[in-house]
Ligand code: PMP
């Protein structure tokens, strides 16, 4: 029985690794509505609280009336409308790059970029904790695939010095999605420069959040000019959906010619691009959102560590509580849900074995009182 799917599913259930899709009955904002109950929501990536912002919603509605719902085709056929063009130009200017190119999702951007640039004669070097889409992009490219110890430039250097390759591409998350810590970008850039490698940063969780204009990890760490490829997503800090790659004119032209996940897919709806133009501007102007986030992060870290919970080395809005066993993580998630808090447990293979966690995320849409309520619930769960 080659296709004994039932047995595989049962095994996954037995390991406490079964994934249960939730059907939400409202926006995934400060609150979330599920099965007739309202929860305080601590698991969205809407870090700046822009996904439900009235001005962003109005821009989306207005653009949908003007441009329709579907873009109608891929970018290279007739799906690339004026709002897409304006958003690409705004993203290039925002990130200090010659050009930017939109992709329909961050997952597709990562697959597309790495496989467009690398082939069998090349080598890709990835942090062990990189997002799944970066790992998949590396595998899809057919290049020699190496993973280095998390945030360890020396380990990277040892790998880079071993073996020949036509092109060498080093790929990291700017902010690691499940740990919330930041890559040591200056040290990585130095190792890349010494070994003739290019550096690609996936800043899905840094964009909007880091730097006083929300330009992300590269500006916060002063390495923008030393990073050849920037990938950013629009569905997290910017509260919309889709993604972009920013870089030199030659890089973007290469992606237009060779990135299959750009060429062979329908462009995002123009209304999403138009709404993102507004959220991008708000993310630049409204630094109070980042200041509020910093306050929330500080309050949460102080309270949770005082209670003896194990936090990670993160100063970003991603504040996981490390639990360990899958079953314990599921139990804490369920206990918090009972008390009115939505925080999903993250288990292997998304995180390493024995490192199941509750991935708490904070948002500028939260109030300090929300964090205090969560801390009270966490304290009760320990008793
Ligand atoms: N990169 C990172 C680091 C991510 O966390 C994610 C989303 N979870 C992605 C890429 C994929 O982006 P998208 O959700 O737009 O496909």
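The values are calculated or read from the model by the stated rules, or taken from the named source; none is laboratory data. Owing to the predicted nature of the structure, the values given are computational and were not obtained by experimental measurement. Heads up, the Cβs are rebuilt from the backbone with ideal geometry, glycines too, and the neighbour counts pull from every protein chain shown.
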Number of positions in the range 1-33 that are under 25 Å from residue 325 (Cβ atoms) and either touching a strand residue (DSSP E or B) at 6+ places or on another chain (Cβ under 8 Å) or assigned to a loop (DSSP other than H, G, I, E, B) (or both)
8
If you check residue 207 against the conditions, is it touching a helix residue (DSSP H, G or I) at 6+ places or on another chain (Cβ under 7 Å) and either over 21 Å from residue 131 (Cα atoms) or crowded, with 19+ Cβ neighbours inside 10 Å (or both)?
no
Between 134, 102, which is in contact (Cβ under 8 Å) with a residue 40 or more places away in the chain and assigned to a strand (DSSP E or B)?
102
Quick test of your reading of the structure: residue 150 fulfils all but one of (1) within 16 Å of residue 247 (Cβ to Cβ); (2) out of contact with any helix residue (DSSP H, G or I) (no Cβ under 9 Å at 6 or more places or on another chain); (3) within 16 Å of the ligand (Cβ to nearest atom). Name the failing condition by number.
(1)
For the range 161-203, name all the residues that are part of a loop (DSSP other than H, G, I, E, B) and either under 21 Å from residue 136 (Cβ atoms) or without any contact (Cβ under 8 Å) to a residue 24 or more places away in the chain (or both).
162, 164, 165, 167, 174, 176, 177, 178, 179, 183, 197, 203
One residue from 337, 299 being touching a residue at least 40 places away in the same chain (Cβ under 8 Å) and more than 25 Å from residue 21 (Cβ to Cβ):
299
Could you list all residues from the range 125-143 that are within 20 Å of the chain's Cα centre (by Cα), farther than 16 Å from residue 351 by Cα and crowded, with 21+ Cβ neighbours inside 10 Å?
125, 137, 138
Hits in the range 325-356 (condition: in contact with a helix residue (DSSP H, G or I) (Cβ under 6 Å, 6 or more places away or on another chain) and part of a strand (DSSP E or B))
341, 345, 356
Would it be correct to say that residue 98 is closer than 22 Å to residue 189 by Cα and either surrounded by fewer than 22 Cβ atoms within 10 Å (Cβ to Cβ) or within 16 Å of the ligand (Cβ to nearest atom) (or both)?
yes
Considering 51, 64, 58, which residue is surrounded by 16 or more Cβ atoms within 10 Å (Cβ to Cβ) and in a helix (DSSP H, G or I)?
64
Which residue pairs have Cβ atoms closer than 8 Å, lie 6 or more positions apart in sequence or on different chains, and pair a first residue in the range 307-323 that is farther than 10 Å from residue 179 by Cβ with a second residue that is loosely packed, with under 15 Cβ neighbours inside 10 Å and modelled with pLDDT under 95?
307/382; 308/382
Just one of 252, 256 is in the same structural domain as residue 189 (by TED's automatic domain parsing), over 17 Å from the mean Cα position of the chain (by Cα) and crowded, with 16+ Cβ neighbours inside 10 Å; which is it?
252
Might you let me know whether the range 129-137 holds any residue that is within 24 Å of residue 101 (Cβ to Cβ) and away from the ligand (no atom under 16 Å from the Cβ)?
no
How many residues are within 16 Å of the ligand (Cβ to nearest atom), over 24 Å from residue 80 (Cβ atoms), assigned to a loop (DSSP other than H, G, I, E, B) and within 16 Å of the chain's Cα centre (by Cα) if we restrict to the range 209-236?
3
